[in-house]
Structure formats: C-alpha cells, structure tokens
Amino acid sequence: DAKTTQPPSMDCAEGRAANLPCNHSTISGNEYVYWYRQIHSQGPQYIIHGLKNNETNEMASLIITEDRKSSTLILPHATLRDTAVYYCIVRSGGDYKLSFGAGTTVTVRA
Amino acid sequence: EAQVTQNPRYLITVTGKKLTVTCSQNMNHEYMSWYRQDPGLGLRQIYYSMNVEVTDKGDVPEGYKVSRKEKRNFPLILESPSPNQTSLYFCASRQQGALGYTFGSGTRLTVV
C-alpha cells in the first residue's frame with residue numbers, strides 16, 4: 001500500500017468547513033483513497049473513498065487532485081461531534097488489510 | 001440494523017487462562033479482520049479472513065488464533081494470554097470490492 005502523510009493535528013471552528021489534507025505521492029493506478037475516523041476509542045468509522053473523481057456523500061466530500069498525489073477531505077459544517085482522529089488510507093480494491101497511520105487529530109471548537 | 005457485534009466489551013483475565021472474543025456480522029460480508037490498538041502504535045492487523053475456512057496472518061498474529069467456520073462469525077482466540085496482549089481489539093468486515101470496512105465497538109482486554 002502507498003504511504004500517506006497527514007498533519008498530526010488541526011483545529012476547526014464549529015459550523016465552518018474543515019479541510020483535511022493527505023499526501024500520497026506514491027499511489028498506484030489501482031489504489032483507492034479511503035477516509036476513516038475514530039471518535040475516542042470507538043471503532044473506526046468509514047467516511048468516504050474515491051479513485052480519481054471527486055466524491056460526496058452525506059458525511060463529507062473527497063477532492064482528489066488530477067495527478068492523484070494528494071487529496072482533501074472536506075467536512076462542510078463541522079460540529080463538536082466531528083472531533084476525532086481522521087485517517088487517510090490508500091489501498092487497492094482487492095487488498096484485505098487497512099494500514100492505519102497516525103492520522104490527523106481534529107478538534108472542533110465552539 | 002447492519003452491524004458488527006463484538007463480545008465482551010470489557011474483559012479482565014489472568015495470564016494463561018484461555019479466552020475467546022466473539023465477532024459476528026449480519027451483512028453477509030466476505031471479508032473479516034481483527035485489529036488491536038495500542039497507544040503510540042496505532043491500529044495493527046492481527047488476522048484476516050477472505051471467506052469461510054480461509055484465513056491468513058496480519059502484521060501481529062503471534063499469540064492469537066482465529067477460525068471462520070461460518071460466514072457471519074470470526075472469533076479471536078487467545079490460548080494463553082499474556083500481559084502484552086492487554087489492548088483494545090476491533091473486529092471489522094466488508095463486502096468484496098473496493099468498499100469500506102464496518103468496525104465493531106471494540107473489546108478492551110486486560111491481562112494481569
């Protein structure tokens with residue numbers, strides 16, 4: 001799996017958009033970008049994934065650069081409940097393993 | 001409700017006393033996996049299963065066993081637990097293809 005680089009932490013104001021960057025410069029053509037989050041020792045929660053097109057669901061949007069070497073997860077209106085560790089992971093569709101890095105600790109402040 | 005159910009949520013046991021942590025999913029997923037999470041080390045994969053009767057080692061399989069006799073169940077077995085297996089354990093499952101995993105709520109195990 002390609003390695004990812006994320007900032008260790010970031011703060012966000014409640015109600016504002018949170019933009020979480022991820023670098024994955026060695027990503028292969030068949031590898032997807034996945035985002036998960038973990039809220040204080042709960043099980044990680046799948047958020048969104050994409051291959052090369054931008055994706056949006058009820059939780060977030062995923063913007064992948066044209067060269068696929070980086071991506072941004074956007075939480076459009078952050079709430080206090082979005083405070084969590086966010087993990088950016090790249091893997092191919094057939095891979096059985098998720099390799100979690102340290103992630104980004106996001107703190108949403110009132 | 002679609003979910004992965006782990007039991008127990010909390011367990012304190014003594015060194016050497018065999019234990020089993022159960023994991024069950026109701027989504028008919030092919031893939032299941034066990035992870036442990038430790039401070040400073042993050043989430044590490046213990047074992048995974050691609051389907052019934054098909055399992056393989058992850059990154060940290062020593063001291064653990066698994067079985068996959070039915071599609072919905074994937075128990076984690078500690079034959080002789082040791083204090084270094086004190087950890088937070090997560091079970092996860094997903095459908096075939098490029099989809100996301102669903103994780104259970106976790107089992108916090110303490111071995112004294």
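Just so it is clear, none of the values below were taken in a lab; they were calculated from the coordinates. Quick caveat, the model's predicted, so the values are computed rather than measured. Cβ atoms come from the backbone with ideal geometry, glycine included; neighbour counts cover every protein chain shown.
Taking the Cα centre as origin and putting +1 on Lys and Arg beta-carbons and -1 on Asp and Glu beta-carbons, what dipole magnitude results for the protein assembly as shown, to the nearest 20 debye? Kindly include the intermediate steps, with their values, before the conclusion.
Working: 23 positive and 19 negative charges, 103 e Å.
The calculation lands at about 500 debye.
Along region A:46-63, what does the Karplus equation 6.51 cos²θ - 1.76 cosθ + 1.60 (θ = phi - 60°) give for ³J(HN,Hα), rounded to whole Hz, x for Gly and Pro?
Working through the residues one at a time gives 5, 10, 6, 8, x, 9, 9, 8, 5, 10, 9, 9, 5, 9, 6, 10, 10, 10 Hz.
What is the set of long-range amide H partners of residue B:47 at a cut-off below 5 Å, with H atoms built 1.01 Å from backbone N?
Sorted by chain and number, the residues that satisfy this are B:34, B:58.
Any idea how far apart residue A:41 and residue B:5 come out in nm if each label point goes 7 Å out from Cα toward Cβ?
2.3 nm
Please compute the modelled spin-label separation between residue A:26 and residue B:70, points set 7 Å along Cα→Cβ, answer in nm with one decimal.
4.2 nm
Quickly work out the residue B:77-to-residue B:53 label distance, labels modelled 7 Å from Cα along the C-beta direction, and quote it in nm with one decimal.
1.7 nm
Would you kindly derive the ³J(HN,Hα) couplings of region A:31-36 from the backbone phi angles with the Karplus curve 6.51 cos²θ - 1.76 cosθ + 1.60 (θ = phi - 60°), listing them in order in whole Hz, with x for Gly and Pro?
9, 8, 9, 10, 10, 10
So if R0 is 30 Å, what FRET efficiency would residue B:108 and residue A:66 give, r being the distance between their Cβ atoms, rounded to the nearest 0.05? Present the calculation step by step, with values, prior to reporting the outcome.
Working: r = 44 Å, r/R0 = 1.45.
The formula returns an efficiency of 0.10 here.
State which entries of A:52/B:69; A:3/B:18; B:17/B:57 exceed 28 angstrom in Cα-Cα distance in the structure shown.
Numbers: A:52/B:69 38 Å; A:3/B:18 37 Å; B:17/B:57 23 Å.
Going by Cα-Cα distance, A:52/B:69; A:3/B:18 fall outside the 28 Å limit.
Show me, for region B:42-54, the HN-Hα J-couplings you get by feeding each phi into the Karplus relation (A = 6.51, B = -1.76, C = 1.60, θ = phi - 60°), rounded to Hz, glycine and proline as x.
x, 8, 10, 7, 9, 9, 9, 9, 8, 5, 4, 6, 10
For B:50, B:27, what's the fewest-to-most ordering of other Cβ within 10 Å of each Cβ? Don't skip to the answer; put the middle values down first.
Values: B:50 16, B:27 13.
If I rank by nearby Cβ atoms, fewest first, I get B:27, B:50.
Taking H placed 1.01 Å from N in the peptide plane, check which residues at least 5 places from residue A:16 or on another chain put their amide H under 5 Å from its amide H.
A:78
What dipole magnitude, in Debye to the nearest 20, does chain B give about its Cα centre under +1 on Lys/Arg Cβ and -1 on Asp/Glu Cβ?
On the way: 13 positive and 9 negative charges, 45 e Å.
So the magnitude is around 220 debye.
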